[in-house]
1. Calculate the length of the line joining the C-alpha centroid of the range 1-68 to that of the range 122-138, in whole Å.
2. Distances over 12 Å make up what percent of all Cα-Cα pairs in the range 133-194?
3. When the helices in the chain are scored as -39500 (n - 2.57) per DSSP H run of 4 or longer and the sum is shared across all residues, what 222 nm value do you end up with, to the nearest 500 deg cm²/dmol?
4. What per residue convex hull volume, in Å³, comes out for the range 1-154 when only alpha-carbon positions are used?
5. Return the whole-Å distance between the Cα centroid of the range 176-190 and the Cα centroid of the range 240-294.
6. How big is the charge dipole of the chain about its Cα centre, in debye rounded to the nearest 20, if each Lys and Arg gets +1 on its Cβ and each Asp and Glu gets -1 on its Cβ?
7. Quick one: work out the % antiparallel among DSSP beta bridges in the chain, nearest 5.
8. From the mean inverse distance of alpha carbon pairs (Kirkwood) and the Cα radius of gyration, derive Rg over Rh for the range 211-254.
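We did not get these values from a lab; they are worked out from the coordinates using the rules stated. Predicted model only: the values in this text are computed from it and were never measured. Here Cβ is always computed from backbone atoms with ideal geometry, including for glycine, and neighbour counts include all displayed protein chains.
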Amino acid sequence: MADAEVRGDVRVIHEPADLRAACREARARGLRVGVVPTMGALHEGHLALVDEARRRADLVIVTIFVNPLQFGPNEDFSRYPRTLPEDLAQCSARGVDVVFAPERAAMYPEGFSSTVRVAGVSEPLEGVHRPGHFDGVTTVVAKLFGLVGESTAIFGRKDYQQWKVITRMTRDLDLPVDLVGHRTIREPDGLALSSRNRYLDASERQRALGIVLGLRAAAAAFGAGERDPSALERLAHAEIGPRFDSIDYLALRHPETLAPFDGQARDRAVLVVAARIGKTRLIDNLVLGEEPVP
Ligand code: PAF
């Protein structure tokens, strides 16, 4: 097939039309299609999503595209790690069937002028600190879903707000995709896996653990009955504040809408954080009352 090659056991597709055809053919043969959308620089967090896709589908597709639309002008688009050969080797080792790795011009050809925007849940938190970010995410994910068609898509819950925004979009637009939110994969010391962790030097890596300590402190208090959002945020801040250079947000929110609580938190609440060490911005979260303490 034109514009596709096979690396190891993985078929690499670059053209959107070829991805659409591969998915159609698979479904015509009665196969279930599973897709893991990524921006590459794959790590065990992504590979856990691949394993989940493999459990649920017969044809497993990983998409690898550093989507320019979701990066702001002062963000790390140009320095974002691009490691396609290593990514393909990892996909092959993990039994991925197809990698879709399009060029920018294939996804956004001359004249491209559409945006998918989800109101409400996309607006606080990341929406404030990365204006336009979620429009870029939902636009590219809607395109990917349009190409792949009926399928199951797996996303990591480390990007908790992204997960909720994509869930809203998929429901609102009746996209034929079943969504699965996979738990956050962490290092043994609790740090959430992220492609951006590779920017951290050894001392920054140590300081980054402040987030884990903060989540743990809040989870312990929540477990002991504390429901005051400010008190829980203060406990987390005491660990994160001194170790990070700045905090974009650290907030206890409603786990579905990401709106602030009007008064006390209920039996489930998500603590979300975005904080910076040097030029590196890390995000993490924990759903208190639901997820185990990291
Ligand atoms: O989570 C990511 O890696 C990206 O935001 C996604 C969903 C692949 C869209 O570019």
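1. Measuring centre to centre over Cα atoms gives 26 Å.
2. Details: 1306 of 1891 pairs.
Taking all Cα-Cα pairs of the range 133-194, the fraction more than 12 Å apart is 69 percent.
3. Numbers: 10 runs with 106 residues, N = 294.
Value at 222 nm, helices only, nearest 500: -11000 deg cm²/dmol.
4. On the way: hull volume 19.3 nm³, N = 154.
Roughly 125 Å³ of hull volume per residue.
5. About 16 Å separates the Cα centre of the range 176-190 from the one of the range 240-294.
6. Details: 38 positive and 41 negative charges, 37 e Å.
So the magnitude is around 180 debye.
7. Working: 22 of 42 bridges.
Here the antiparallel bridges make up roughly 50 percent for the chain.
8. On the way: Rg = 10.0 Å, Rh = 10.4 Å.
Computed over Cα atoms, the ratio is 0.96.
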